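Report on the structure given below.
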Amino acid sequence: MGRLLGLAALALLTGCTLRPPAPLQLVVGCSGPTCPGLLRYAFDPQSGRLEASPAQRLPLANATWLVVDPGRPLLFAVDEQPQGRVSSLGIGARSELTVLDSVDSGGAEPTYASLSEDGRALFVAHYATEPRPGGSLSLLPVSDTGRLGPVRQRWHQPFEQPGSLRQGSSHLHAAVAIDRQLLVTDLGADRVYAFDYRSTAKGPTLTPADPPYLAVPTGSGPRHLVFDARGRHGYLSLELGNQVALLERQGTRLTYRGQVDLDPAPAAGDNRLGALHLSQDGRFLYVARRGLHNQIVTYRVREDGGLDELQRHDSGGEEPREFTLSPDGHFLLVANQRSDRITVLRRDPASGRLQDVVQELQTPAPATLRFLP
């Protein structure tokens, strides 16, 4: 009898041990006329595969940037339209998404958003293809429940350069909140603007910092910006220059340390950078290249913040606009927008190297993707 009970207990224990991990949830935004809306897919963290069909579809077209609230079950999505909008969504106990509200973002073609560290403000950067009004920045208040208020503050720096295709006017591409500051990249003006953030009983506000901006090399076109966990070393993709700029932040002062060329001898043609992200442990930087080279370039991050190139890996499609790492760091998922495809690449967390293609999932014009907590 005791032996039978022991075997039963062992079987139960073995069953618990072998139980597969619960699926994660990946939210995918898309753009263009074929975009079916905001999609939620189940992701198996063991195999690295996405379910073939989405678990949920919401009618949010052109959601080209997503923000996951780190402290509340909330997701924010921008709607990249000529008259931009931004939506807040609640995340349910089973990861189901519910639209809480949708409001005017205060500008044209929003392409990026971020939350203040206290969660009281959402900052939205508007690219604005047309030179008038050009790129702009909006601050929208966020309630404790995730509801968005109307635009509280709007900022625009007039800039025009006739004759330039991509830099004829201001084009704000990113708005990165760090500590009590906001850093905003302007692809058109070759600047990174800095703002100080305050939140009082009257509400959140931004004021230009001193100095108000950091100039980057002429014609380089700053796009996206990430910082290490300490907030000291920053990495800025220069979309038009095909470079990654190395920045250093001491207190609230930003310094340009130099840049790394992705092409020491640039070839003529379409060469553009897309997204860039640090690995969770901060040891590796990944950069997307678009155009002639559809690649993910991997750099090892040195102790001093410098970069050593480690690998160049095919993105698995055309126009890798955005990518994300799985929470355990074993997979990298690429939104190959022009190929209508999400490509899942295996990754070695120890070496940082990308490996084989695990899956190619067809989905219309993916532009952004985020894992839910």
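The values are calculated or read from the model by the stated rules, or taken from the named source; none is laboratory data. Because the structure is predicted, anything quoted here is derived from the model rather than measured. Cβ atoms come from the backbone with ideal geometry, glycine included; neighbour counts cover every protein chain shown.
With the requirement that a residue be touching a residue at least 60 places away in the same chain (Cβ under 8 Å) and part of a strand (DSSP E or B), what does the stretch 22-39 give you?
First, the residues of the stretch 22-39 that are touching a residue at least 60 places away in the same chain (Cβ under 8 Å): 24-32, 34-36, 39.
Selection gives Leu24, Gln25, Leu26, Val27, Val28, Gly29, Cys30, Leu39.
Filter the stretch 56-72 down to the residues that are free of Cβ contacts under 8 Å to residues at least 40 places away in the same chain and surrounded by fewer than 16 Cβ atoms within 10 Å (Cβ to Cβ), then identify the one that is nearest to Pro110 (Cα to Cα).
By that ranking, first place goes to Pro59.
Can you tell me which of (1) part of a strand (DSSP E or B); (2) surrounded by fewer than 20 Cβ atoms within 10 Å (Cβ to Cβ) is the one Arg230 doesn't meet?
Among (1) part of a strand (DSSP E or B); (2) surrounded by fewer than 20 Cβ atoms within 10 Å (Cβ to Cβ), Arg230 violates only (1).
Starting from the stretch 353-366, keep only residues that are in contact (Cβ under 8 Å) with a residue 60 or more places away in the chain, then list their pairs with residues that are of a type in the set (Gly, Ala, Ser) whose Cβ atoms are within a distance under 6 Å, requiring at least 6 positions of separation or different chains.
If the second residue must be of a type in the set (Gly, Ala, Ser), the pairs left are Val358/Gly48; Ala365/Ser31; Ala365/Gly32; Pro366/Ala335.
Check off (1) free of Cβ contacts under 8 Å to residues at least 40 places away in the same chain; (2) of a type outside the set (Val, Ile, Thr); (3) closer than 29 Å to Arg230 by Cβ; (4) buried (at least 16 other Cβ atoms within 10 Å of the Cβ) for Arg290 and give me the number that stays unchecked.
(3)
Please determine whether any residue of the stretch 297-315 is at pLDDT 95 or above, in contact with a Ser or Thr (Cβ under 8 Å, 6 or more places away or on another chain), of a type in the set (Lys, Arg) and under 24 Å from Trp65 (Cα atoms).
Our first condition is that a residue be at pLDDT 95 or above; within the stretch 297-315, this holds for 297-315.
Those left that are additionally in contact with a Ser or Thr (Cβ under 8 Å, 6 or more places away or on another chain): 309-313, 315.
This time we only want the ones that are of a type in the set (Lys, Arg), so: 312.
Now drop any that are not under 24 Å from Trp65 (Cα atoms), which leaves none.
Checked the stretch 297-315: no residue is at pLDDT 95 or above, in contact with a Ser or Thr (Cβ under 8 Å, 6 or more places away or on another chain), of a type in the set (Lys, Arg) and under 24 Å from Trp65 (Cα atoms).
Checking the structure you have, find out if any residue of the stretch 76-98 is out of contact with any Ser or Thr (no Cβ under 9 Å at 6 or more places or on another chain), buried (at least 16 other Cβ atoms within 10 Å of the Cβ), in contact (Cβ under 8 Å) with a residue 24 or more places away in the chain and on the phi < 0 side of the Ramachandran plot.
The answer is yes; a qualifying residue exists.
Out of everything in the stretch 330-373 that is in a loop (DSSP other than H, G, I, E, B) and touching a Cys at 6+ places or on another chain (Cβ under 6 Å), what residue ends up being surrounded by the fewest Cβ atoms within 10 Å (Cβ to Cβ)?
Filtering first and then ranking leaves Pro364.
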